[in-house]
Amino acid sequence: MKQILTLLIGFFVLFSCNNVKNDSSLEVKSTEFTEKIEPTFGIVIHGGAGTILKKNMTDSLENAFHSKLKEAISTGHSILEKGGSSLEAITATINIMEDSPLFNAGKGAVFTNEETNEMDASIMDGATLNAGAVAGVKRIKNPINLALSVMNDSPHVLLSGAGAEEFAREQGYEMTDPSYFYTKKRFQSLQRIKKKELEKKTANVSFEDPLIKNSKFGTVGCVALDKNGNLAAGTSTGGMTNKQWNRIGDSPIIGAGTYANNTTCAVSSTGWGEYFIRAMVAHDISAMMEYKGVTLHEAAQEVIQNKLPAIDGVGGIVAIDKDGNVAMEFNTPGMFRAHMNAEGELIIKIYKDE
Ligand code: ASP
């Protein structure tokens, strides 16, 4: 009888313990479940870096920049919030900035020395390391969309000039009349730079003139992390005012103007493209994280504040890492920039000390 009683007590104790164990594992499971249904996401944009000073800005222009940056980032953010991909979010966001004359991309593209507009763009998928880019297109309203088509619908990464437009035609893109890209402000900038260049030539001043160095780089770019943990980056530009000989900058160069890798971060650059190509800025930030194990913030700071200035490079980047950490780093007096996190908190800034 005593033995049966001991056995019964034993069973009772064992049963209670099991119950406790099951309860706590349920708790763990429910924590895991909570984490899964609310994954983090985020989006960061730039509208160019350069000599952007408060004293040269009117209130109405500042407001116009603020509201366009807000419209663009909110569009991408709501795509991400609804579970859309980082690639969808960045193309929709960049399209809004390409359609605005405020930025040096699409509608507001700067003029070449030949008084035409030649646009460059690129996009990269951090999940697959697939990428697409176009350079020197003249009749494409939204070059970032064509970059995406190159990535998705061609076996290539970078198409240029007439060939890129031929591909666009085959993909059903509408050819935009080049007059669409005319804006008085950009045309006047070209005339001003041409005049200065002429004066420079006559005075025999070196190429690395402060006028070029201090100019504004109004390229647009966007990086995003979606709810599935996928990173993507995109950049679109008219290049640099007065460029000639079919010059191509960093924006369509994967690794320089744009880079995304799910294991590290997504980066979009803006600045004097030649230096960004030589420093392989976007990839270098990712590589520093991958090989040195540094944070996104440390990598971005090292590249933009030390490595780039060491070769006289000017400009900045926006970046986001796989955990949603963000960098908006630049070595110029200003950079149009905005960030929105999963909680919907929005930051919009223009100048350095803001
Ligand atoms: N990086 C671009 C280029 O060199 C210019 C810019 O950022 O505005 O073409």
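A few comments on the model shown:
- Summing Cβ point charges (Lys, Arg +1; Asp, Glu -1) relative to the Cα centre of the chain gives a dipole of roughly 800 debye.
- Each part reduced to its alpha carbon centroid, the stretch 55-133 and the stretch 137-173 end up 17 Å apart.
- Rg ratio (alpha-carbon, reference 2.2 N^0.38 Å) - the stretch 68-127: 1.30
- Segments 189-196, 73-80 sorted - mean Cβ within 10 Å per residue, highest first: 73-80, 189-196
- Among Thr202, Phe217, Tyr259 - extreme Cα towards positive end, dipole of the chain, charges at beta-carbon: Thr202
- Beta bridges assigned by DSSP with both partners in the chain are antiparallel in approximately 95 percent of cases.
- Only helical runs count toward this figure. For the chain, summing -39,500 (n - 2.57) over DSSP H runs of n ≥ 4 and dividing by all residues gives -12500 deg cm²/dmol at 222 nm.
- Using every pair of separate Cα atoms, the Kirkwood estimate puts the hydrodynamic radius of the stretch 278-354 at 13.1 angstrom.
- For the pair Asn152 and Thr263, the difference between a 0.36 nm per residue extended length and the Cα-Cα distance amounts to 37.8 nm.
- The chain: angle of helix 59-81 to the longest principal axis, Cα-based, in degrees nearest 10: 40 degrees
- Base-10 log of normalised Debye intensity for the chain (one unit scatterer per alpha-carbon) at q = 0.09, 0.12 Å⁻¹: -0.49, -0.80
- Projected label distance in nm at Lys70 and Lys200, using a 7 Å step from Cα toward the beta-carbon: 3.8 nm
- Karplus-based coupling profile of the stretch 111-118, in residue order and whole Hz: 9, 7, 4, 7, 6, 10, 10, 10, with θ = phi - 60° in 6.51 cos²θ - 1.76 cosθ + 1.60 and x standing for Gly or Pro.
- Burial order of peptide ranges 152-163, 301-312, 236-247 (average beta-carbon count within 10 Å, highest first): 236-247, 301-312, 152-163
- A dipole drawn for the chain from +1 and -1 charges on Cβ atoms has a positive end, and of Gly83, His339, Tyr291 the residue lying farthest that way is His339.
- Full extension of the chain segment joining Ser60 with Thr116 gains 17.3 nm, where the gain is 0.36 nm per residue of separation less the Cα-Cα distance.
- Here, the stretch 247-319 yields an orientationally averaged convex hull projection of 4.1 nm² when only Cα atoms define the hull.
- Using Cβ point charges alone (K and R +1, D and E -1), the dipole size of the stretch 36-130 about the Cα centre works out to roughly 400 debye.
- The P(r) of the stretch 234-278 has a tail past 18 Å containing 27 percent of all C-alpha pairs.
We did not get these values from a lab; they are worked out from the coordinates using the rules stated. Computed from a prediction, not measured in an experiment: that's the story for all the values here. In this analysis, Cβ positions are derived from the backbone assuming ideal geometry, glycine residues included, and neighbour counts consider all displayed protein chains.
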